[in-house]
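S.K.: Below is a structure I'd like to ask you about.
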Amino acid sequence: MTRFDFTPLFRIAIGFDRLAQLTDMAASAAEVSSYPPYNIERTGEDTYRLTMAVAGFHPENLEVVVKDNNLVVSGRMSQEETKSEMLHRGIAGRAFERRFVLADHMTIDCADLQNGLLHVSLKRVVPDALKPRWITIGADGGRPVIANDPQGSAQAA
């Protein structure tokens, strides 16, 4: 197993200890089951879509939960009575749990189940306080005018 030494980074940066956790998690991800298969695609500048193949699962058998920057998708098949004898089971219907680490400011737009595929739409929503602000020099009698500032518009009025 390859380990990274983040000691030089920790000497000059604060709050990057989560980076070490993410690399350790990524290294151990190879040990996790590959069921069910999934795709992650970028659908726009700040939008993404996770698609999982969950044939045989109904919406009530699936659970999508976001907690502490983690997306957990799990499925449990109900133990329903079948009227026929199963001769061959080629469609996997076993329970699963998939975990994905989300970047900061990622939110879930919606989740939809169509044709055996679970689609989870994600969007990055950066708070106004973290967006760039442009400051006009020498405007408004010496007071700086800040563009893209929700508080600045209240002060200017």
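S.K.: Compute the signed sum of charges (Lys and Arg +1, Asp and Glu -1) over the other residues within less than 15 Å, Cβ to Cβ, of ILE108.
M.R.: Working: positive: ARG49, LYS67, ARG98, ARG99, LYS123, ARG124; negative: ASP46, GLU63, ASP68, ASP104, ASP109, ASP112.
Around ILE108, the charge tally is 0.
S.K.: Evaluate the charge dipole of the range 68-140 about its Cα centre and quote only its size in Debye, nearest 20, assuming +1 on the Cβ of each Lys and Arg and -1 on the Cβ of each Asp and Glu.
M.R.: It works out to roughly 220 debye.
S.K.: Another question about this same structure. Could you give the length gained by full extension between GLU60 and THR136, i.e. 0.36 nm per residue of separation minus their alpha carbon distance, to one decimal place?
M.R.: Full extension from GLU60 to THR136 adds 21.9 nm.
S.K.: Near LYS67, within a Cβ-to-Cβ distance under 15 Å, what is the net charge of the other residues, with Lys and Arg +1 and Asp and Glu -1?
M.R.: Net of charged neighbours comes to -2.
Coordinate-derived values only; no laboratory data. Quantities reported herein were computed from a predicted structural model and do not represent experimental measurements. We place every Cβ from the backbone using ideal geometry, glycine too, and count neighbours over all the protein chains shown.
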